[in-house]
Amino acid sequence: MAWEQRGTKSYYYRSVRSGSRVTRTYIASGTFGMLAAELDAEERAERQAKAEAWQQARNDMEALDAQVRAWWNASSTLIDAYLTATGYYRHERGPWRKRAEPQSLAATPHQGEQG
């Protein structure tokens, strides 16, 4: 949006983008031009306020997401440690599996012994 001075008169133009081209459209001069300029300024301020509010909401969501991710990582570490300590394992990042209990030494015959 711009005022253009021609001689002693001022004219208010509005720039509009259509595709890759920007065209200027004559709006008004004098008092009507001033009113149109004020309305455009108010609309621009509203768009700016909405954009800032949206950005703030996005920043808040990203901060919450970071907290949830940190909690998830910490809880996953604790769960992994617990499952490992209780005899589970993961083969190539697959599902958790229970390890087979080793057979006791007394139940198996030793090599070299005849039974």
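Which net charge results when you count Lys and Arg as +1 and Asp and Glu as -1 among the other residues whose beta-carbon is under 15 Å from that of S76? Neighbourhood net charge equals +2. What's the local net charge at Y89, with K and R +1, D and E -1, over the other residues with C-beta under 9 Å away? Taking every Cβ under 9 Å from that of Y89, the sum is +4. With 0.36 nm allotted per residue and the present C-alpha distance subtracted, the V16-R99 stretch has 23.0 nm of extension available.
For the chain, the longest principal axis of the Cα atoms and the long axis of helix 30-85 meet at an angle of about 0 degrees. The charge dipole of the chain, taken about its Cα centre with unit charges on the Cβ of Lys, Arg, Asp and Glu (plus for the first two, minus for the last two), comes to roughly 580 debye. For the chain, the Cα gyration tensor yields ellipsoid semi-axes of 80, 16, 7 Å (square root of five times each eigenvalue, largest first, whole Å). Among L83, A100, A37, which residue has its Cα furthest toward the positive end of the charge dipole of the chain, with +1 on Lys/Arg Cβ and -1 on Asp/Glu Cβ? So the residue furthest toward the plus end is A37.
Only the coordinates and a few stated rules stand behind these numbers; no lab work does. Remember, predicted model here, so these are calculated numbers, not experimental data. Using ideal geometry, Cβ is built from the backbone for each residue, glycine included, and neighbour counts are taken over all protein chains shown.
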